[in-house]
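The structure appears right after this line, and notes come after that.
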Amino acid sequence: MAKQARKLDRHQLLSLSAGALVVMLLTYLLIAHTPLRRTIPGYPSRETRQAAIENYQKIDSLEKVIDLWAFQVANIQRIATGREPLPIDSMRLAQTGTEPDAEELAVWETSDSLLRAQVEQLDAGQRAAPAPARIEALQGLKFVKPLKGTIKEGFSRTGSHPFIEISAPSGTQVSAILDGRIVSAEWNELEGCTMKIQHEGDVTSFYRHADRLLKSVGDQVKAGTAVAVVGETGELSQALIQLEIRYKNQPVDPALYISF
């Protein structure tokens with residue numbers, strides 16, 4: 001009887017195990033192949049998967065753009081230094097080891113050709129740019145050299161440096177370049193002592209980075225009158241004066257009218 005009972009228990013255990021496996025299998029099939037799978041925490045929805053695919057495509061596109069920019073910068077450097085530009089497919093082959101298809105190669109060739117044309121046009125324009133002409137209204141004026149010194153940096157026609165920098169020993173006197181009236185005389189942390197003089201004929205002159213000023217607002221001065229003293233002021237680390245001349249509020253090159 002005991003042996004029969006044990007056999008019965010084993011039979012029941014096997015039946016229960018088989019039943020449990022069947023239930024688990026059915027549960028898996030039910031969840032895995034029906035919309036119920038979306039209720040599982042952490043399971044990506046269709047929208048999430050679509051967003052992941054789109055993000056991957058965007059990243060791939062951005063990588064191609066960055067690669068193209070890097071290639072163009074490298075060619076700019078080579079063209080600027082007189083070297084031959086890199087072949088269009090050189091970076092592509094180096095990165096992937098595969099030949100680019102015809103469509104991709106055409107895009108790269110077009111981009112490189114446009115870039116090269118822009119660089120050559122800019123370079124040609126800079127070489128062909130004529131020297132600035134003297135303004136007739138200023139040619140008859142008797143400008144006075146503001147101080148004895150050396151031009152450290154000249155006037156820039158691009159507007160990034162609309163003045164000249166004249167280096168001289170500290171204590172050197174700075175003179176007015178024309179007769180005029182002082183309309184501004186002040187100090188600030190960036191430019192030190194600064195002065196603005198209004199002259200006849202819509203001409204103004206600016207003197208920046210002086211150590212101290214010798215005249216005040218409202219004073220009338222003659223050409224050659226000492227108005228300031230050179231020093232190391234503002235953001236500069238050496239003694240110099242920045243001289244700016246404007247005609248009708250437009251910067252002009254002082255070296256065209258004053259012999260330094």
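Provide a single number: the residues in the range 140-160 that are surrounded by 13 or more Cβ atoms within 10 Å (Cβ to Cβ) and closer than 23 Å to Gln198 by Cβ.
7
Looking only at residues in the range 153-177 that are among the hydroxyl-bearing types (Ser, Thr, Tyr) and in a strand (DSSP E or B), which one is farthest from Ala228 (Cα to Cα)?
Checking each candidate, the answer is Ser167.
Checking Asp112 against (1) under 37 Å from the mean Cα position of the chain (by Cα); (2) of a type in the set (Asp, Glu); (3) buried (at least 17 other Cβ atoms within 10 Å of the Cβ); (4) at pLDDT 85 or above, which single condition isn't satisfied?
(4)
Wholly within the range 178-260, which strands (runs of 3 or more DSSP E) include no fewer than the required count, namely at least 2 residues that are in contact (Cβ under 8 Å) with a residue 60 or more places away in the chain?
Answer list for the range 178-260: 203-213, 240-247, 250-252.
Condition check ((1) buried (at least 18 other Cβ atoms within 10 Å of the Cβ); (2) polar (S, T, N, Q); (3) modelled with pLDDT under 95; (4) in the same structural domain as Pro146 (by TED's automatic domain parsing)) across all residues:
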residue	(1), (2), (3), (4)
Ala185	yes, no, no, yes
Asn188	no, yes, yes, yes
Lys196	yes, no, no, yes
His209	yes, no, yes, yes
Ser216	no, yes, no, yes
Lys222	no, no, no, yes
Gln238	no, yes, yes, yes
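The values are calculated or read from the model by the stated rules, or taken from the named source; none is laboratory data. Keep in mind it's a predicted model, so treat the numbers as computed, not measured. Counting neighbours? That spans all protein chains shown, and the Cβs are built from the backbone with ideal geometry, glycine included.
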